[in-house]
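The values are calculated or read from the model by the stated rules, or taken from the named source; none is laboratory data. Please read these numbers as outputs of a predicted model, since none were measured by experiment. Cβ atoms come from the backbone with ideal geometry, glycine included; neighbour counts cover every protein chain shown. Surface areas here come from the heavy atoms of the whole protein model, side chains and all, with no ligands, DNA or RNA. Shrake-Rupley method; radii C 1.70, N 1.55, O 1.52, S 1.80 Å.
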Amino acid sequence: MEQKFPGFDSQNTPDGDSLTFLGTGGARFMIISQILASGGMWLNLSGTQILIDPGPGCIVQVTKRKLKPEKLSAIIVSHRHLDHSGDVNVMVEAMTQGGLRPRGKFFAPSDAFNNEPIIFSYLKNSVKSIEVLKEGLSYEVGNVSFSTPVRHIHPVETYGMVFKTPEYTLSYIADTHYFDGLLQHYSGDVLIINTVFMAPVISDGNPTLPVEHLSVPDAAYIISQLKPKVAILTHFGMNVWRAGPWEIAKAISQETGIRVIAARDGMRFDLSELHK
Ligand SMILES: [Zn+2]
């Protein structure tokens, strides 16, 4: 039987609806330097806890912030790139208490299960179910439903997500090149945008350049069109970090009249703030 210690968790276990940023760094150089952490996002919506994109160091961030992986109902991976999936296996072990207590769902696009699966085969039985993300489908996790409305433009199969609870809609635009069809899918109260570049990057024929990401002007345009109650920028590349994400957020806010926040490592955003 699980013992309860009144007040023991009150400081760190998110009680109300919230999202916690376990990292705000994006793309290769941020990840290998860990100037910013890369642990993904932890949602607590209507009492259901969900981990999104557990990149390298997720387990370190989760334990440091005294979150409880054994309370997770799902781990969702937007795409198989290392900065979104590096800690998948250790987080599955943490969610299932070393594999001893099978629980939770694991979601990822189909190419994450191909000849180089991001989840080890010996861990597949520790989760309650494995579900493949597909364009246009909806999924249930506890008290939350989410959809993956459109396939993104990115070198591997990638989806953003729209989470719905009785109270809120929360949209997450994961890695993608900007495209016109993007906007129509991601309206909501809260809009999270992975903002890797200061300006759009042109490949110039160099296939190793990671060009398929959103830039600051893309984020500003998306925010101006979708008009969420709050937009949160995250997943910063090195140049965005050097320019000061909070300055960028302030400028976009002034330009659009929308509240824009630059996420910080460890930042918890309480959705009750939307009513203020
Ligand atoms: Zn990526």
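Worth pointing out:
- Ordering of 50-61, 245-256, 141-152 by packing [mean C-beta count within 10 Å, highest first]: 50-61, 141-152, 245-256
- Projecting the Cα positions of ASN125, LEU45, ALA74 onto the charge dipole of region 1-153 (unit charges on Cβ atoms of Lys, Arg, Asp and Glu, taken about the Cα centre) puts ASN125 furthest along the positive direction.
- Zero-based 5 Å bins, Cα pair distances in region 154-199, whole percents: 5, 19, 29, 23, 14, 6, 2, 0
- Probe 1.4 Å, protein heavy atoms only - accessible area per residue of region 56-186 in square angstrom: 43
- Only the Cβ atoms of Lys and Arg (+1) and of Asp and Glu (-1) were treated as charged; on that basis the dipole of the chain about its Cα centre amounts to roughly 640 debye.
- Under a 5 Å amide H cut-off, with hydrogens placed 1.01 Å from N, GLY23 pairs with GLY39, GLY40, GLY266 among residues at least 5 apart or on other chains.
- Sequence-distant contacts, meaning Cα pairs under 8 Å at least 6 residues apart, place the relative contact order of the chain at 17 percent.
- Label sites at SER121 and ALA251, each approximated as a point 7 angstrom past Cα along Cα to Cβ, lie 5.1 nm apart.
- Geometric extent, Cα atoms of the chain - Rg, Dmax (angstrom): 17.7, 60
- Split the accessible area of the chain by element, probe 1.4 Å, and carbon with sulfur accounts for 52%.
- The order of the peptides 17-29, 111-123 by mean Cβ neighbours within 10 Å, most packed first, is 17-29, 111-123.
- Förster radius 35 Å - calculated FRET efficiency between SER110 and LYS66 (Cβ-Cβ, nearest 0.05): 0.50
- Cβ-placed point charges (K, R +1; D, E -1), dipole of region 110-235 about Cα centre in debye, nearest 20: 340
- Pairwise FRET efficiency - LEU183 versus ASN239, Cβ, R0 = 30 Å, nearest 0.05: 0.75
- Globularity index of region 48-121, i.e. its alpha-carbon radius of gyration over 2.2 N^0.38 Å: 1.01
- The C-alpha atoms of region 50-92 occupy a region whose extents along the principal axes are 26, 19, 13 Å, arranged from largest to smallest.
- If the Kirkwood radius is taken over C-alpha pairs of region 1-152, then at 20 °C and 1.002 mPa s the Stokes-Einstein diffusion coefficient equals 136 µm²/s.
- Once you reduce region 219-236 and region 160-196 to the center of their Cα atoms, the two points are 9 Å from each other.
- For THR148, net neighbour charge (Lys/Arg +1, Asp/Glu -1) across residues whose Cβ lies under 11 Å away: -1
- Per-selection Rg to Rh, region 100-162 - Cα, Kirkwood hydrodynamic radius: 0.99
- Estimated from helices alone, the mean residue ellipticity of the chain at 222 nm is -5000 deg cm²/dmol (sum of -39500 (n - 2.57) over DSSP H runs with n ≥ 4, per residue).
- Note that region 250-258 has calculated 3J(HN,Hα) couplings of 4, 5, 5, 4, 5, 5, 9, x, 9 Hz, one per residue in order, obtained from phi through the Karplus relation 6.51 cos²θ - 1.76 cosθ + 1.60 (θ = phi - 60°); glycine and proline are x.
- Translational D in µm²/s for region 87-202 (Stokes-Einstein at 37 °C, 0.692 mPa s, Kirkwood Rh from C-alpha pairs): 209
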